1. Please give the number of the condition L239 fails out of (1) in contact with a Ser or Thr (Cβ under 7 Å, 6 or more places away or on another chain); (2) under 30 Å from W114 (Cα atoms); (3) not β-branched (V, I, T).
2. Based on this model, can you work out whether C496 counts as at pLDDT 70 or above and surrounded by 20 or more Cβ atoms within 10 Å (Cβ to Cβ)?
3. Quick check on segment 402-442: of everything there that is surrounded by fewer than 20 Cβ atoms within 10 Å (Cβ to Cβ) and aromatic (F, W, Y), which residue is farthest from L211 (Cα to Cα)?
4. Of the numbered conditions (1) in a helix (DSSP H, G or I); (2) open to solvent by 30 Å² or more (accessible area, probe 1.4 Å); (3) at pLDDT 85 or above, V228 fails exactly one; give the number of that condition.
5. Between a first residue in segment 256-268 that is within 22 Å of L92 (Cα to Cα) and a second residue that is open to solvent by less than 10 Å² (accessible area, probe 1.4 Å) and part of a loop (DSSP other than H, G, I, E, B), which pairs have beta carbons less than 6 Å apart while being 6 or more apart in sequence or on different chains?
6. On the basis of being buried (at least 20 other Cβ atoms within 10 Å of the Cβ) and either touching a residue at least 40 places away in the same chain (Cβ under 8 Å) or not in a helix (DSSP H, G or I) (or both), does L240 make the cut?
7. Looking at the structure I just gave you, is E223 in contact (Cβ under 8 Å) with a residue 24 or more places away in the chain and either in a helix (DSSP H, G or I) or not acidic (D, E) (or both)?
8. With R468, R456, R395 as the choices, which residue is among the charged types (D, E, K, R), closer than 23 Å to Y196 by Cα and open to solvent by 40 Å² or more (accessible area, probe 1.4 Å)?
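The values are calculated or read from the model by the stated rules, or taken from the named source; none is laboratory data. All values derive from a computational prediction rather than experimental measurement. We place every Cβ from the backbone using ideal geometry, glycine too, and count neighbours over all the protein chains shown. For accessibility, only protein heavy atoms count, side chains too; no ligands or nucleic acids. Shrake-Rupley method; radii C 1.70, N 1.55, O 1.52, S 1.80 Å.
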Amino acid sequence: MEEDLFQLKQLPVVKFRRTGESSRSDEDGISGEHEVHIEGVRTDLEPVELGDGAAVPKEFANPTDDTFMVEDAVEAIGFGKFQWKLSVITGLAWANAMEMMILSILAPQLHCEWRLPSWQVALLTSVVFVGMMSSSTLWGNISDQYGRKTGLKISVLWTLYYGILSGFAPIYSWILVLRGLVGFGIGGVPQSVTLYAEFLPMKARAKCILLIEVFWALGTVFEVLLAVVVMPTLGWRWLLILSALPLLLFAGLCFWLPESARYDVLSGNQEKALATLKRIATENGAPMPLGKLVISRQEDRGKMRDLFTPHFRWTTLLLWFIWFSNAFSYYGLVLLTTELFQAGDVCSISSRRQEVKAKCSLTCEYLTEEDYTDLLWTTLSEFPGVLVTLWIIDRIGRKKTMALSFLVFSFCSLLLFLCVGRNVLTVLLFIARAFISGGFQAAYVYTPEVYPTATRALGLGTCSGMARVGALITPFIAQVMLESSVYLTLVVYSSCCLLAALASCFLPIETKGRGLQESSHKEWGQEMVGRGSHSPG
């Protein structure tokens with residue numbers, strides 16, 4: 001008996017940090033930590049600490065809780081083979097950047113081949129953004145109401161179908177309508193980020209979302225390389241058809257995709273959610289938490305009013321402006337880059353605009369090998385943006401990362417006032433594009449993290465829609481206003497990014513080190529303190 005008592009006294013006290021609800025009393029949940037004590041046992045030992053990305057050991061896999069949430073299971077299972085497969089498949093959907101990059105290649109080709117005036121060429125680009133803007137909120141609502149997998153599959157298959165069909169367009173009006181429908185489908189592809197984020201453990205979430213953004217950059221680079229090979233031999237129709245290749249691969253692999261366990265829990269499908277979690281645990285070779293999965297059923301999902309509750313009103317409004325500024329500045333810089341490179345510097349651009357006015361609007365020039373090389377170099381600036389954002393986002397937080405990106409872009413825009421040479425101009429434009437693309441990527445990390453599962457897809461969809469509004473407006477600044485004053489144009493972009501940097505700082509919630517909220521009926525933070533958070537609870 002004395003020997004047994006001696007052994008009991010050597011047992012450690014294990015502390016567990018909880019991230020969600022349970023059947024315990026409110027008093028137990030005040031601190032967010034629970035201790036299991038055996039009378040007479042030593043209490044001077046430290047809590048168990050896990051390394052970054054480490055799964056919870058089987059002997060400590062939630063042994064004291066009678067219930068667990070999806071957040072608990074995702075953290076316990078950790079990152080593994082399942083998430084790697086998911087990264088590739090959702091990345092294929094994200095490679096739809098090819099459908100966007102093709103606009104800069106298709107427009108001059110049709111301008112020459114069909115003898116289109118300049119306004120019809122510009123409309124071909126604008127109609128894609130109109131389609132994206134009009135559908136983003138709709139796809140978000142579908143994903144919240146009927147599932148992330150459902151919304152993503154339909155949008156990708158829609159984009160694939162009309163993308164291939166565009167290659168057979170006989171006349172301008174046909175390709176205008178078909179590219180508008182392609183844009184309508186592309187508006188739903190960002191929901192791949194929603195699905196992806198809901199399967200990621202907290203410490204890996206930011207890095208992984210940023211890494212699938214690499215597929216966007218790879219898509220743009222692959223489109224330019226494909227155009228170099230296909231355009232001189234097969235023509236633009238085959239380029240349109242072959243550009244749908246990543247989406248075709250996604251369509252063939254999407255049967256593997258599971259529905260989000262977070263969505264299933266919220267819609268009341270406990271058995272389906274549990275089966276999905278067990279499947280992830282099996283593929284990753286990690287233990288499942290013990291106990292019963294908590295159901296947080298919520299019928300009124302995907303409602304616009306939930307974005308404007310007292311807890312989210314300012315977050316939503318500030319995020320809308322941040323997303324608008326991101327797209328407004330990003331696509332504006334893309335348009336300005338062409339003008340500045342052709343003029344040589346800011347000081348020479350006014351005289352060049354006068355020369356262009358004297359030319360007929362039907363004068364056309366096919367893209368040369370040098371043009372494709374310039375396109376390739378400008379798209380490569382996306383990669384440094386990813387690397388910089390990847391390095392700082394978990395160090396200084398999401399809000400400060402976005403603010404820093406906007407500030408650097410604004411500073412580089414102001415430096416363009418100087419009559420610098422071609423080399424310095426290239427460096428400034430490269431840095432500006434790297435940071436504004438990094439700010440865009442940080443917004444893609446922050447937005448799914450800040451909204452609860454019930455409105456996460458809708459929140460991302462409305463933000464994406466506001467970004468398309470910025471993309472629609474920016475040609476009037478980067479092209480129309482540029483004709484009257486290049487300096488006023490630069491001031492507009494610089495001022496917009498300064499305001500966006502302030503908006504980033506004023507966001508009420510920092511999501512670094514936090515879990516994902518499930519229900520929109522709870523105050524933000526009640527179930528959000530993750531296992532890896534070092535901030536006060």
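1. (1)
2. yes
3. Among those residues, the one meeting the criterion is F417.
4. Of (1) in a helix (DSSP H, G or I); (2) open to solvent by 30 Å² or more (accessible area, probe 1.4 Å); (3) at pLDDT 85 or above, only one is false for V228: (3).
5. Filtered contacts from segment 256-268: E259/G147; S260/E198.
6. Yes, satisfied.
7. When the stated conditions are applied, E223 passes them.
8. R395
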